[in-house]
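Before any comments, here is the structure.
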Amino acid sequence: GMPALPPPTLAPRRKTRQIKVGSVLVGGDAPVSVQSMTTTPTNDVNKTLQQIAELTAAGCDIVRVACPRQEDADALAEIAQHSQIPVIADIHFQPGYVFAAIEAGCAAVRVNPGNIRKFDDQVKEIAQAAKDHGTSLRIGVNAGSLDKRLLEKYGKATPEALVESAVWEASLFEEHDFHDFKISVKHNDPVVMVQAYEMLAERGDWPLHLGVTEAGPAFQGTIKSSVAFGALLSRGIGDTIRVSLSAPPVEEVKVGLQILQSLNLRERKLEIVSCPSCGRAQVDVYTLAEQVTAGLEGMEVPLRVAVMGCVVNGPGEAREADLGVASGNGKGQIFVKGEVIKTVPESAIVETLIEEAMRIAEKMETT
Ligand code: SF4
(Lines give C-alpha, C1' and ligand atoms only; values in the text may rest on other atoms or scores of the structure.)
Protein backbone atom coordinates (compact mmCIF):
# COMPACT_ATOMS: atom_id res chain seq x y z
CA GLY A 1 0.00 0.00 0.00
CA MET A 2 0.85 3.69 0.06
CA PRO A 3 3.46 4.67 2.62
CA ALA A 4 1.78 6.53 5.49
CA LEU A 5 2.25 10.29 5.41
CA PRO A 6 4.11 11.70 8.38
CA PRO A 7 1.67 13.34 10.80
CA PRO A 8 1.26 17.10 10.31
CA THR A 9 3.19 19.64 12.38
CA LEU A 10 2.19 23.22 13.11
CA ALA A 11 5.03 24.79 11.12
CA PRO A 12 8.04 23.76 9.10
CA ARG A 13 11.25 23.78 11.14
CA ARG A 14 13.29 26.96 10.84
CA LYS A 15 16.34 26.34 8.69
CA THR A 16 19.31 26.29 11.03
CA ARG A 17 22.90 25.30 10.56
CA GLN A 18 23.52 21.75 11.66
CA ILE A 19 26.11 20.92 14.29
CA LYS A 20 27.21 17.69 15.92
CA VAL A 21 26.97 16.93 19.60
CA GLY A 22 28.94 13.70 19.43
CA SER A 23 26.74 11.25 17.54
CA VAL A 24 23.64 13.44 17.80
CA LEU A 25 22.95 16.00 15.09
CA VAL A 26 21.40 19.28 16.24
CA GLY A 27 19.80 21.72 13.85
CA GLY A 28 19.03 21.48 10.16
CA ASP A 29 16.65 18.61 9.51
CA ALA A 30 17.73 16.63 12.59
CA PRO A 31 14.88 15.75 14.96
CA VAL A 32 14.55 18.07 17.95
CA SER A 33 16.63 16.38 20.66
CA VAL A 34 15.92 16.11 24.37
CA GLN A 35 18.52 16.94 26.97
CA SER A 36 18.73 16.67 30.71
CA MET A 37 21.36 17.19 33.35
CA THR A 38 22.68 14.84 36.01
CA THR A 39 22.20 15.73 39.68
CA THR A 40 24.91 13.47 41.11
CA PRO A 41 28.28 14.87 42.12
CA THR A 42 30.09 14.60 38.79
CA ASN A 43 33.25 13.26 40.38
CA ASP A 44 31.26 10.25 41.64
CA VAL A 45 31.70 8.49 38.32
CA ASN A 46 29.66 5.39 39.15
CA LYS A 47 26.65 7.31 40.40
CA THR A 48 26.82 9.71 37.50
CA LEU A 49 27.04 6.92 34.93
CA GLN A 50 24.17 5.13 36.69
CA GLN A 51 22.01 8.23 36.36
CA ILE A 52 23.05 8.68 32.74
CA ALA A 53 21.96 5.07 32.10
CA GLU A 54 18.55 5.85 33.62
CA LEU A 55 18.24 8.98 31.49
CA THR A 56 19.23 7.02 28.38
CA ALA A 57 16.59 4.40 29.15
CA ALA A 58 13.99 7.16 29.52
CA GLY A 59 14.81 8.43 26.01
CA CYS A 60 17.25 11.25 26.75
CA ASP A 61 19.37 12.10 23.69
CA ILE A 62 22.12 14.22 25.23
CA VAL A 63 23.20 14.61 28.85
CA ARG A 64 24.91 17.52 30.56
CA VAL A 65 27.09 17.25 33.64
CA ALA A 66 28.14 20.11 35.89
CA CYS A 67 31.81 20.72 36.35
CA PRO A 68 32.34 23.06 39.33
CA ARG A 69 35.58 21.59 40.77
CA GLN A 70 38.86 20.15 39.62
CA GLU A 71 37.82 16.64 40.69
CA ASP A 72 34.78 16.94 38.42
CA ALA A 73 36.95 17.99 35.50
CA ASP A 74 39.15 14.99 36.27
CA ALA A 75 36.15 12.64 36.06
CA LEU A 76 34.97 13.84 32.64
CA ALA A 77 37.12 11.51 30.54
CA GLU A 78 35.76 8.37 32.17
CA ILE A 79 32.18 9.63 32.05
CA ALA A 80 32.44 10.65 28.40
CA GLN A 81 33.96 7.29 27.51
CA HIS A 82 31.34 5.15 29.23
CA SER A 83 28.17 7.17 28.67
CA GLN A 84 25.78 5.71 26.07
CA ILE A 85 24.75 9.20 24.96
CA PRO A 86 26.85 12.30 24.20
CA VAL A 87 28.05 14.19 27.28
CA ILE A 88 28.18 17.97 27.53
CA ALA A 89 30.34 19.53 30.23
CA ASP A 90 28.70 22.54 31.83
CA ILE A 91 31.31 25.12 32.72
CA HIS A 92 30.94 28.35 34.65
CA PHE A 93 33.71 30.63 35.89
CA GLN A 94 36.80 28.54 35.11
CA PRO A 95 37.94 28.64 31.49
CA GLY A 96 40.59 26.09 32.42
CA TYR A 97 37.89 23.45 32.70
CA VAL A 98 36.72 24.19 29.18
CA PHE A 99 40.04 22.93 27.87
CA ALA A 100 39.95 19.97 30.26
CA ALA A 101 36.48 19.01 29.02
CA ILE A 102 37.51 19.25 25.39
CA GLU A 103 40.56 17.11 26.02
CA ALA A 104 38.51 14.64 28.05
CA GLY A 105 36.48 13.85 24.94
CA CYS A 106 33.22 15.48 25.93
CA ALA A 107 30.94 15.79 22.91
CA ALA A 108 30.33 19.45 23.67
CA VAL A 109 30.95 22.13 26.24
CA ARG A 110 28.46 24.64 27.52
CA VAL A 111 30.08 27.95 28.25
CA ASN A 112 28.42 30.87 29.92
CA PRO A 113 30.30 33.93 28.74
CA GLY A 114 28.61 36.06 31.41
CA ASN A 115 30.35 33.95 34.02
CA ILE A 116 33.81 33.87 32.47
CA ARG A 117 35.68 37.05 33.19
CA LYS A 118 38.04 38.03 30.43
CA PHE A 119 36.16 35.53 28.27
CA ASP A 120 36.91 37.52 25.15
CA ASP A 121 40.64 36.93 25.51
CA GLN A 122 40.15 33.17 25.67
CA VAL A 123 37.88 32.73 22.69
CA LYS A 124 40.64 32.10 20.18
CA GLU A 125 42.18 29.29 22.23
CA ILE A 126 38.82 27.73 23.03
CA ALA A 127 37.81 27.82 19.36
CA GLN A 128 41.10 26.22 18.33
CA ALA A 129 40.93 23.45 20.93
CA ALA A 130 37.30 22.70 20.05
CA LYS A 131 38.14 22.56 16.35
CA ASP A 132 41.07 20.23 16.98
CA HIS A 133 38.89 17.80 18.92
CA GLY A 134 35.65 18.07 16.93
CA THR A 135 33.90 19.43 20.01
CA SER A 136 30.90 21.68 19.64
CA LEU A 137 29.91 24.40 22.08
CA ARG A 138 26.83 25.95 23.49
CA ILE A 139 26.86 29.63 24.21
CA GLY A 140 24.52 29.62 27.17
CA VAL A 141 23.31 33.09 28.02
CA ASN A 142 21.32 33.17 31.21
CA ALA A 143 19.20 35.96 32.70
CA GLY A 144 20.76 35.31 36.11
CA SER A 145 24.32 35.76 34.93
CA LEU A 146 24.02 38.39 32.25
CA ASP A 147 27.07 40.40 31.31
CA LYS A 148 27.41 43.44 33.62
CA ARG A 149 27.74 45.83 30.71
CA LEU A 150 24.38 44.73 29.31
CA LEU A 151 22.71 44.72 32.68
CA GLU A 152 23.74 48.36 33.05
CA LYS A 153 22.64 49.21 29.53
CA TYR A 154 19.19 47.61 29.74
CA GLY A 155 18.53 47.81 33.49
CA LYS A 156 17.56 44.14 33.65
CA ALA A 157 17.63 40.94 31.64
CA THR A 158 15.26 42.00 28.86
CA PRO A 159 14.91 39.95 25.67
CA GLU A 160 17.02 42.59 23.91
CA ALA A 161 19.77 42.28 26.51
CA LEU A 162 19.83 38.47 26.31
CA VAL A 163 19.96 38.57 22.52
CA GLU A 164 22.63 41.27 22.39
CA SER A 165 24.79 39.22 24.71
CA ALA A 166 24.31 36.05 22.64
CA VAL A 167 24.93 37.72 19.30
CA TRP A 168 28.07 39.39 20.65
CA GLU A 169 29.51 36.16 22.01
CA ALA A 170 28.64 34.35 18.79
CA SER A 171 30.48 36.99 16.78
CA LEU A 172 33.61 36.47 18.86
CA PHE A 173 33.71 32.81 17.84
CA GLU A 174 32.76 33.54 14.26
CA GLU A 175 35.67 35.98 14.01
CA HIS A 176 37.88 32.97 14.58
CA ASP A 177 35.98 31.02 11.94
CA PHE A 178 34.36 28.79 14.55
CA HIS A 179 30.74 27.91 13.80
CA ASP A 180 30.05 24.65 15.65
CA PHE A 181 27.92 26.08 18.39
CA LYS A 182 24.32 26.44 19.40
CA ILE A 183 22.88 29.20 21.51
CA SER A 184 20.48 29.47 24.41
CA VAL A 185 18.99 32.62 25.94
CA LYS A 186 17.25 31.35 29.04
CA HIS A 187 14.99 33.26 31.35
CA ASN A 188 12.67 32.11 34.11
CA ASP A 189 9.74 34.06 32.65
CA PRO A 190 8.29 32.19 29.67
CA VAL A 191 7.13 35.45 28.05
CA VAL A 192 10.59 37.03 28.15
CA MET A 193 12.14 33.75 27.11
CA VAL A 194 9.87 33.32 24.09
CA GLN A 195 10.49 36.92 22.99
CA ALA A 196 14.24 36.45 23.32
CA TYR A 197 14.30 33.30 21.20
CA GLU A 198 12.04 34.84 18.56
CA MET A 199 14.38 37.80 18.32
CA LEU A 200 17.45 35.61 18.24
CA ALA A 201 15.97 33.44 15.49
CA GLU A 202 15.76 36.57 13.31
CA ARG A 203 19.42 37.33 13.79
CA GLY A 204 21.16 34.23 12.47
CA ASP A 205 20.91 30.57 11.54
CA TRP A 206 22.41 29.24 14.75
CA PRO A 207 20.78 26.10 16.11
CA LEU A 208 18.91 27.00 19.28
CA HIS A 209 18.75 25.19 22.61
CA LEU A 210 15.46 25.98 24.36
CA GLY A 211 15.14 26.25 28.11
CA VAL A 212 13.16 28.05 30.79
CA THR A 213 15.48 28.42 33.77
CA GLU A 214 14.41 27.77 37.33
CA ALA A 215 11.04 26.69 36.01
CA GLY A 216 10.15 25.29 39.42
CA PRO A 217 8.79 22.06 40.84
CA ALA A 218 7.35 19.44 38.51
CA PHE A 219 3.81 20.81 38.14
CA GLN A 220 4.68 24.47 37.55
CA GLY A 221 7.87 23.71 35.67
CA THR A 222 6.13 21.33 33.31
CA ILE A 223 3.52 23.91 32.44
CA LYS A 224 5.95 26.82 32.08
CA SER A 225 8.23 24.79 29.82
CA SER A 226 5.38 23.31 27.80
CA VAL A 227 3.83 26.71 27.16
CA ALA A 228 7.14 28.37 26.25
CA PHE A 229 8.47 25.51 24.12
CA GLY A 230 5.07 25.08 22.52
CA ALA A 231 4.96 28.74 21.50
CA LEU A 232 8.39 28.47 19.89
CA LEU A 233 8.28 24.96 18.44
CA SER A 234 4.88 25.66 16.91
CA ARG A 235 6.65 28.35 14.87
CA GLY A 236 9.51 26.05 13.95
CA ILE A 237 11.96 27.56 16.46
CA GLY A 238 14.08 25.21 18.57
CA ASP A 239 16.52 22.43 17.74
CA THR A 240 17.12 20.87 21.14
CA ILE A 241 15.28 21.28 24.44
CA ARG A 242 15.84 20.88 28.14
CA VAL A 243 12.97 21.00 30.58
CA SER A 244 14.32 22.23 33.94
CA LEU A 245 12.44 20.82 36.90
CA SER A 246 13.12 20.72 40.62
CA ALA A 247 12.52 16.99 40.27
CA PRO A 248 14.52 13.92 39.23
CA PRO A 249 16.01 14.41 35.75
CA VAL A 250 14.16 11.39 34.32
CA GLU A 251 11.00 13.46 34.82
CA GLU A 252 12.52 16.22 32.69
CA VAL A 253 13.08 13.74 29.88
CA LYS A 254 9.54 12.39 30.09
CA VAL A 255 8.10 15.91 29.91
CA GLY A 256 10.42 16.89 27.06
CA LEU A 257 9.48 13.84 25.00
CA GLN A 258 5.80 14.39 25.68
CA ILE A 259 6.05 18.01 24.48
CA LEU A 260 7.67 16.87 21.24
CA GLN A 261 5.15 14.07 20.79
CA SER A 262 2.25 16.46 21.36
CA LEU A 263 3.48 18.59 18.45
CA ASN A 264 4.18 15.57 16.23
CA LEU A 265 7.88 16.38 16.38
CA ARG A 266 8.41 12.85 17.70
CA GLU A 267 6.53 9.71 16.95
CA ARG A 268 3.78 9.28 19.49
CA LYS A 269 4.21 6.13 21.49
CA LEU A 270 1.70 5.06 24.04
CA GLU A 271 -1.10 7.59 24.26
CA ILE A 272 -3.89 7.25 26.78
CA VAL A 273 -7.04 8.97 25.59
CA SER A 274 -8.98 9.13 28.82
CA CYS A 275 -11.98 11.26 29.60
CA PRO A 276 -11.98 13.73 32.49
CA SER A 277 -14.99 11.95 33.95
CA CYS A 278 -18.20 13.76 34.84
CA GLY A 279 -21.49 13.15 36.55
CA ARG A 280 -22.33 10.50 33.98
CA ALA A 281 -19.34 8.33 34.77
CA GLN A 282 -20.25 4.83 35.89
CA VAL A 283 -16.73 3.86 36.81
CA ASP A 284 -13.76 5.47 38.63
CA VAL A 285 -12.05 6.88 35.53
CA TYR A 286 -9.02 8.33 37.35
CA THR A 287 -8.05 5.02 38.88
CA LEU A 288 -8.80 3.11 35.71
CA ALA A 289 -6.69 5.50 33.56
CA GLU A 290 -3.84 5.38 36.07
CA GLN A 291 -3.87 1.59 36.26
CA VAL A 292 -3.91 1.24 32.49
CA THR A 293 -1.08 3.81 32.15
CA ALA A 294 1.00 2.00 34.76
CA GLY A 295 0.30 -1.39 33.21
CA LEU A 296 1.42 -0.23 29.77
CA GLU A 297 4.40 1.88 30.81
CA GLY A 298 7.42 1.44 28.58
CA MET A 299 5.46 0.27 25.50
CA GLU A 300 7.58 1.09 22.49
CA VAL A 301 4.83 1.06 19.87
CA PRO A 302 2.48 3.89 18.93
CA LEU A 303 -0.76 2.80 20.55
CA ARG A 304 -3.83 4.87 21.36
CA VAL A 305 -5.74 3.44 24.25
CA ALA A 306 -9.08 5.02 25.12
CA VAL A 307 -10.41 4.86 28.67
CA MET A 308 -13.93 6.27 28.82
CA GLY A 309 -16.19 6.62 31.80
CA CYS A 310 -19.56 6.07 30.19
CA VAL A 311 -21.31 5.20 26.98
CA VAL A 312 -22.09 8.80 25.81
CA ASN A 313 -18.79 9.58 24.09
CA GLY A 314 -17.24 6.36 25.21
CA PRO A 315 -17.86 4.07 22.27
CA GLY A 316 -17.08 6.82 19.74
CA GLU A 317 -13.66 7.60 21.21
CA ALA A 318 -12.96 3.98 21.94
CA ARG A 319 -13.61 3.17 18.28
CA GLU A 320 -11.15 5.87 17.07
CA ALA A 321 -8.40 4.38 19.18
CA ASP A 322 -6.44 1.18 18.60
CA LEU A 323 -7.93 -0.17 21.74
CA GLY A 324 -10.35 1.10 24.30
CA VAL A 325 -12.96 0.60 26.92
CA ALA A 326 -16.31 2.24 27.42
CA SER A 327 -17.72 1.54 30.84
CA GLY A 328 -21.28 1.27 31.99
CA ASN A 329 -23.44 -0.78 34.28
CA GLY A 330 -20.52 -2.39 36.09
CA LYS A 331 -19.14 -3.69 32.82
CA GLY A 332 -16.61 -2.60 30.22
CA GLN A 333 -17.02 -2.93 26.48
CA ILE A 334 -13.57 -3.60 25.07
CA PHE A 335 -12.96 -2.24 21.57
CA VAL A 336 -10.13 -3.16 19.20
CA LYS A 337 -9.88 -1.15 15.98
CA GLY A 338 -13.50 -0.14 16.21
CA GLU A 339 -14.94 -3.56 16.98
CA VAL A 340 -16.36 -4.63 20.31
CA ILE A 341 -14.39 -7.77 20.95
CA LYS A 342 -15.81 -8.52 24.36
CA THR A 343 -17.65 -7.22 27.38
CA VAL A 344 -16.01 -7.89 30.71
CA PRO A 345 -16.94 -7.18 34.34
CA GLU A 346 -15.51 -3.93 35.74
CA SER A 347 -12.93 -5.82 37.82
CA ALA A 348 -11.42 -7.34 34.68
CA ILE A 349 -11.16 -4.15 32.57
CA VAL A 350 -7.54 -3.31 33.38
CA GLU A 351 -6.11 -6.77 32.87
CA THR A 352 -8.10 -7.24 29.64
CA LEU A 353 -6.85 -3.92 28.20
CA ILE A 354 -3.27 -4.77 29.10
CA GLU A 355 -3.59 -8.23 27.55
CA GLU A 356 -5.04 -6.84 24.34
CA ALA A 357 -2.45 -4.03 24.18
CA MET A 358 0.35 -6.59 24.44
CA ARG A 359 -1.24 -8.64 21.68
CA ILE A 360 -1.53 -5.60 19.36
CA ALA A 361 2.00 -4.46 20.20
CA GLU A 362 3.38 -7.87 19.31
CA LYS A 363 1.62 -7.75 15.95
CA MET A 364 2.93 -4.23 15.27
CA GLU A 365 6.47 -5.27 16.08
CA THR A 366 6.40 -8.31 13.78
CA THR A 367 4.96 -6.47 10.76
FE1 SF4 B 1 -18.47 12.09 31.18
FE2 SF4 B 1 -18.85 9.90 29.76
FE3 SF4 B 1 -17.60 11.99 28.67
FE4 SF4 B 1 -16.40 10.55 30.51
S5 SF4 B 1 -17.04 9.82 28.50
S6 SF4 B 1 -16.51 12.78 30.44
S7 SF4 B 1 -18.05 10.00 31.84
S8 SF4 B 1 -19.74 11.92 29.32
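Tabulated data
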| quantity | calculated |
| --- | --- |
| Some residue of the stretch 243-251 being under 19 Å from Glu300 (Cβ atoms) and touching a helix residue (DSSP H, G or I) at 6+ places or on another chain (Cβ under 9 Å) | yes |
| Inter-residue pairs, beta-carbon under 7 Å, first part of a loop (DSSP other than H, G, I, E, B) and in the stretch 289-308, second of a type in the set (Asp, Glu), 6+ apart | Val301/Glu365; Pro302/Glu267 |
| Selection within the stretch 285-302 - within 16 Å of the ligand (Cβ to nearest atom) and either at pLDDT below 90 or open to solvent by less than 50 Å² (accessible area, probe 1.4 Å) (or both) | Val285, Leu288, Ala289, Val292 |
| Residues satisfying the stated conditions in the stretch 194-218, i.e. surrounded by 22 or more Cβ atoms within 10 Å (Cβ to Cβ), in contact with a Leu (Cβ under 8 Å, 6 or more places away or on another chain) and modelled with pLDDT of 95 or more | Val194, Ala196, Tyr197, Leu200, Trp206, Leu208, Leu210 |
| Some residue of the stretch 303-322 being open to solvent by less than 50 Å² (accessible area, probe 1.4 Å), closer than 25 Å to Gln261 by Cβ, within 11 Å of the ligand (Cβ to nearest atom) and touching a Phe, Trp or Tyr at 6+ places or on another chain (Cβ under 7 Å) | yes |
| Tally, over the stretch 17-53, of residues that are under 19 Å from Gly236 (Cα atoms), open to solvent by 20 Å² or more (accessible area, probe 1.4 Å) and not in a loop (DSSP other than H, G, I, E, B) | 1 |
| Selection within the stretch 1-16 - open to solvent by 80 Å² or more (accessible area, probe 1.4 Å) and closer than 12 Å to Leu208 by Cα | Lys15 |
| Any hit, the stretch 73-89, residues being crowded, with 18+ Cβ neighbours inside 10 Å and modelled with pLDDT under 95 | no |
| Search result, residues across the stretch 259-277 that are more than 16 Å from the ligand (Cβ to nearest atom) and either free of Cβ contacts under 8 Å to residues at least 24 places away in the same chain or part of a loop (DSSP other than H, G, I, E, B) (or both) | Gln261, Leu263, Asn264, Leu265, Arg266, Glu267, Arg268, Lys269 |
| Among residues of the stretch 323-341, those that are at pLDDT below 90, away from the ligand (no atom under 11 Å from the Cβ) and among the small types (Gly, Ala, Ser), counted | 2 |
| Residue check for Pro345: open to solvent by 60 Å² or more (accessible area, probe 1.4 Å), within 11 Å of the ligand (Cβ to nearest atom) and either β-branched (Val, Ile, Thr) or over 29 Å from Val32 (Cα atoms) (or both) | no |
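Rundown of residues vs (1) under 27 Å from the mean Cα position of the chain (by Cα); (2) part of a helix (DSSP H, G or I), yes/no style:
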| position | (1), (2) |
| --- | --- |
| Val98 | yes, yes |
| Ile102 | yes, yes |
| Cys106 | yes, no |
| Val123 | no, yes |
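The values are calculated or read from the model by the stated rules, or taken from the named source; none is laboratory data. Here the structure is a predicted model, which means the values were calculated and not measured. Cβ: placed from backbone, ideal geometry, glycine included. Neighbour counts: every protein chain shown. Side chains included, ligands, DNA and RNA excluded: accessible areas come from the protein's heavy atoms. Shrake-Rupley method; radii C 1.70, N 1.55, O 1.52, S 1.80 Å.
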